[in-house]
Ligand SMILES: NC(=O)c1ccc[n+]([C@@H]2O[C@H](COP(=O)([O-])OP(=O)(O)OC[C@H]3O[C@@H](n4cnc5c(N)ncnc54)[C@H](O)[C@@H]3O)[C@@H](O)[C@H]2O)c1
């Protein structure tokens, strides 16, 4: 399959292409380029006189401290203002490439080949970077879209199960956020970790076209695009409190279940809209492919979850901010006034999700 579409941006429009053998061909026609790649691709890209900066994709690697090292390596590799940075990797490499390309010599062009399913279905468009500072995840960043995004879905095949689950959780979230039709088309593709071939390429295109609407409607996260944070406030707390033992997309999947649990608390356990229940069942189905997950959550300190939730950058001085659900299953921005009542609500949600039964049982407010 090959597909191509443009994403309109206030900064610069860019083209997304989904096709075959793009890793092999991505540098053709780009005379002056340097690869910034995930270590996984070092042996594939090394040689042939290629200039290559290879990085192990860890949360530490995308810390602000590490950015000066990447800048130095760019300079030592001879990058000029005209050099095109070609980034190959998942969300970690993307964040580093976006940030460093935006500041190196006040900005150089870059191309992006996402190599994780999460990168392909979600993060590759939208132009954001998110860099860690000390213990604070994704606390600094900017917008700096690439010249083009090239997606070769065959690169998914070498990913582990967790990375596939992570990507599918994010794709489910985006399609659900976009509305009924998008979510039904997503489900009709039977999304599961063994998805491949045409169905996989179609799922990537569907998810990106859904995200394109949010990015073009609200590029700078003021209104509609905020809905894509569904699952993220809980998810970032889970990711951090588990010591990053689970990947971002999986944490967002559990975070969505936490938000759905909150909706059951608000509206009544049996009052959730049908499509919200379908989403809940689908995320549970995806997470069952990670048998180690209930044990990891059970070993997580609820106080640490709560503290990380409170420290999230999306809150205001007076309220916690989460993306919740309306009674008809649409997503909405919820502000929970800071205070004892909201604290008790959040603690109760975290107490529920660390129970091994949470991921397998039909949810109840009494859990
Ligand atoms: N800026 C954004 O818009 C945005 C959006 C979502 C997530 N993120 C960030 O992205 C990061 C998570 O990224 P991710 O989940 O894509 O993964 P990742 O970049 O952390 O990589 C995960 C693992 O997969 C390996 N890997 C990558 N591609 C592979 C392939 N094709 N085959 C085999 N192994 C491969 C990597 O070496 C690494 O071990 C988080 O830091 C998150 O905050 C950023």
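Within region 229-268, the set of residues being crowded, with 23+ Cβ neighbours inside 10 Å and free of Cβ contacts under 8 Å to residues at least 24 places away in the same chain comprises 235, 251.
Checked against the criterion of being modelled with pLDDT of 95 or more and part of a loop (DSSP other than H, G, I, E, B), the candidates 324, 243, 329 yield just one match: 329. Selection of region 154-207 for residues being within 20 Å of residue 224 (Cα to Cα) and surrounded by fewer than 16 Cβ atoms within 10 Å (Cβ to Cβ) yields 179, 180, 181.
Within region 22-61, restricting attention to residues that are closer than 19 Å to residue 120 by Cα and assigned to a helix (DSSP H, G or I), the residue that is nearest to the ligand (Cβ to nearest atom) is 40. When 334, 328, 312 are screened for being over 22 Å from the mean Cα position of the chain (by Cα) and not assigned by TED's automatic domain parsing to the domain that holds residue 135, only 328 passes.
Here residue 96 does not qualify as more than 22 Å from residue 239 (Cα to Cα) and surrounded by 16 or more Cβ atoms within 10 Å (Cβ to Cβ).
Conditions (1) buried (at least 20 other Cβ atoms within 10 Å of the Cβ); (2) farther than 16 Å from residue 231 by Cβ; (3) modelled with pLDDT of 95 or more, marked per residue:
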{"site": "272", "(1), (2), (3)": "yes, no, no"}
{"site": "276", "(1), (2), (3)": "yes, no, yes"}
{"site": "279", "(1), (2), (3)": "yes, no, yes"}
{"site": "286", "(1), (2), (3)": "yes, no, yes"}
{"site": "296", "(1), (2), (3)": "no, yes, yes"}
{"site": "301", "(1), (2), (3)": "no, yes, no"}
{"site": "306", "(1), (2), (3)": "no, yes, yes"}
{"site": "309", "(1), (2), (3)": "yes, no, yes"}
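The values are calculated or read from the model by the stated rules, or taken from the named source; none is laboratory data. This one's a predicted model, so the numbers in the text were calculated from it and none came from an experiment. Backbone-built Cβ (ideal geometry, glycine too); neighbour counts: all protein chains shown.
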